[in-house]
1. Go through the residues of the range 46-54 one by one and say whether even a single one is within 16 Å of Asn22 (Cβ to Cβ) and among the β-branched types (Val, Ile, Thr).
2. Of the conditions (1) part of a loop (DSSP other than H, G, I, E, B); (2) at pLDDT 90 or above, Lys20 clears all except one; give me its number.
3. Kindly provide the set of residues from the range 30-50 that are surrounded by fewer than 14 Cβ atoms within 10 Å (Cβ to Cβ) and under 21 Å from Ala99 (Cα atoms), ordered by number.
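The values are calculated or read from the model by the stated rules, or taken from the named source; none is laboratory data. Computed from a predicted structure; not experimentally measured. Glycine also receives a Cβ, built like all others from the backbone with ideal geometry; neighbour counts cover every protein chain displayed.
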Amino acid sequence: MKKLFIAALLVASLTGFAQKKNGAEKMLDKMTTELSLTADQQAQLKPIFEEQAALQKDNKENPDNVDANKDKAKEIGKKINGILTPEQKKLRKEFQEKAKAEKDALTH
């Protein structure tokens with residue numbers, strides 16, 4: 001019985017490890033759900049989210065680059081908005097404002 005339990009835990013942990021997604025994939029999944037992205041929009045946004053994830057990684061690894069990367073982050077935001085419909089842009093802005101308010105509430 002103990003061996004069966006250990007084997008089940010091992011399988012569960014390996015399955016979870018294999019399904020771990022990177023930041024770009026998580027963002028794409030989240031925005032697909034929240035904004036009802038089309039398959040075409042998903043294909044267009046994937047490389048942009050990969051670029052954004054790389055920028056965030058750089059910011060984390062090199063805190064001195066944060067200010068220099070702000071312009072790049074704004075450009076990425078413009079690219080994203082260029083792919084979205086007006087309704088999706090509105091929803092995205094609402095989600096961003098909500099996330100910022102939640103973040104501010106946690107830090108204060």
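1. Kept after step one, since they are within 16 Å of Asn22 (Cβ to Cβ), are these residues of the range 46-54: 46-54.
Applying the additional criterion that residues be among the β-branched types (Val, Ile, Thr) yields 48.
Within the range 46-54, one or more residues are within 16 Å of Asn22 (Cβ to Cβ) and among the β-branched types (Val, Ile, Thr).
2. If we test Lys20 against (1) part of a loop (DSSP other than H, G, I, E, B); (2) at pLDDT 90 or above, just (2) comes out false.
3. Within the range 30-50, Lys30, Thr33, Glu34, Ser36 meet the criteria.
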